[in-house]
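Student: Below you'll find the structure I mean.
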Amino acid sequence: MGGLLGDFIPLAVGIAISPVPIIAVIMMLTSKGALRNAVLFATGWVLAMVVTCTAAILLFGEAATSAQKGTGLATDILQLVFGTLLLAMGTYRLRQRHKGVAPKQPRLLRSIENIKPAGAIGFGLAMIVVNPKNLMLLLSALMQIGKSQPSTATAVICVAIFICIASVGVLIPLFIYAVFRKKAMAILGSWNTWLAAHSSTVTMYLFLLLGVFLLVKGIVGLAS
């Protein structure tokens with residue numbers, strides 16, 4: 001299981017440190033609705049991963065068991081495709097940066113201050129199932145787990161570990177808000193300022209590093 005953890009933990013970390021969801025949670029905690037909307041956002045975030053992972057296990061688990069070689073080949077090809085896409089996205093951002101093009105704030109963040117409860121949970125869902133990077137990383141992790149042909153118990157444990165790690169980024173601001181109430185606004189405010197200034201750079205390097213990671217995994221898998 002140790003080797004399997006090494007296959008998907010970097011992907012979970014890649015989701016966890018995505019700047020936009022963290023900024024969204026912080027903005028919710030410092031706006032109207034505060035804790036309620038932030039909790040609903042985190043709920044939607046986790047729910048999206050739970051539903052996606054459960055569906056993948058139910059729909060593809062039996063097929064993967066009966067066709068291990070084909071599943072492994074599909075996983076390796078998928079890693080190559082996703083790795084190439086992430087590298088292309090990272091390279092595009094790098095070129096835009098060298099041209100001096102200022103990054104644009106995601107549209108969804110512009111309406112955070114007045115977001116309704118239903119919008120908050122929907123935003124959390126969208127950050128997984130609509131966000132290309134997060135969805136590619138989630139599917140890659142599921143394919144890696146399926147490729148190893150684990151028992152049902154092992155698969156559930158792996159998925160639970162993945163979801164916990166991938167959710168750290170959106171849960172830490174909630175923890176700080178709940179525990180350090182008096183200092184929370186100052187702490188979260190400084191985080192928000194830093195992330196707003198560097199989110200484009202962080203995202204660019206995430207694309208590049210994770211793209212290389214998936215490409216290497218796919219090449220090694222096809223060569224073995």
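Student: Please name all residue pairs, on different chains or six or more residues apart, with Cβ atoms under 6 Å, provided the first residue is in segment 174-186 and is without any contact (Cβ under 8 Å) to a residue 60 or more places away in the chain and the second residue is aliphatic (A, V, I, L, M) and part of a helix (DSSP H, G or I).
Tutor: Close Cβ pairs (under 6 Å, with a partner that is aliphatic (A, V, I, L, M) and part of a helix (DSSP H, G or I)) amount to Ile176/Ala184; Ile176/Ile187.
Student: Can we say Leu188 is assigned to a helix (DSSP H, G or I) and surrounded by fewer than 21 Cβ atoms within 10 Å (Cβ to Cβ)?
Tutor: No, not satisfied.
Student: Looking only at residues that are crowded, with 21+ Cβ neighbours inside 10 Å and under 17 Å from the mean Cα position of the chain (by Cα) in segment 210-222, which one is farthest from Gly83 (Cα to Cα)?
Tutor: Leu210
Student: Oh, and also: Pick from segment 61-103 the residues that are of a type in the set (Lys, Arg) and modelled with pLDDT under 80: which of them is nearest to Pro10 (Cα to Cα)?
Tutor: Among those residues, the one meeting the criterion is Lys69.
Student: If the Cβ limit is 6 Å and pairs must be 6+ apart or interchain, which residue in segment 15-38 that is under 17 Å from Ala186 (Cα atoms) pairs with which residue that is of a type in the set (Ser, Thr, Tyr) and crowded, with 19+ Cβ neighbours inside 10 Å?
Tutor: These pairs meet every condition: Leu29/Tyr177.
Quick grid of which residues meet (1) surrounded by fewer than 18 Cβ atoms within 10 Å (Cβ to Cβ); (2) touching a helix residue (DSSP H, G or I) at 6+ places or on another chain (Cβ under 7 Å); (3) under 18 Å from Ala74 (Cα atoms):
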{"position": "Leu138", "(1), (2), (3)": "no, yes, yes"}
{"position": "Ile157", "(1), (2), (3)": "yes, no, no"}
{"position": "Ala166", "(1), (2), (3)": "no, yes, no"}
{"position": "Pro173", "(1), (2), (3)": "no, yes, no"}
{"position": "Arg181", "(1), (2), (3)": "yes, no, no"}
{"position": "Leu208", "(1), (2), (3)": "yes, yes, no"}
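Student: For segment 18-40, state whether one or more residues are within 17 Å of the chain's Cα centre (by Cα), of a type in the set (Ser, Thr, Tyr) and either modelled with pLDDT of 85 or more or not in a helix (DSSP H, G or I) (or both).
Tutor: Checked segment 18-40: at least one residue is within 17 Å of the chain's Cα centre (by Cα), of a type in the set (Ser, Thr, Tyr) and either modelled with pLDDT of 85 or more or not in a helix (DSSP H, G or I) (or both).
Student: Related question: Quick check on this structure: which one of Met204, Met136, Met127, Met143 is within 16 Å of the chain's Cα centre (by Cα) and farther than 20 Å from Pro19 by Cβ?
Tutor: It is Met143.
Student: Yes or no: Gly14 at pLDDT below 80 and crowded, with 16+ Cβ neighbours inside 10 Å?
Tutor: no
The values are calculated or read from the model by the stated rules, or taken from the named source; none is laboratory data. Nothing here was measured: the structure is a model prediction, and the numbers come from that model. Ideal geometry is used to build each Cβ from the backbone, glycine not excepted, and the neighbour counts take in all protein chains shown.
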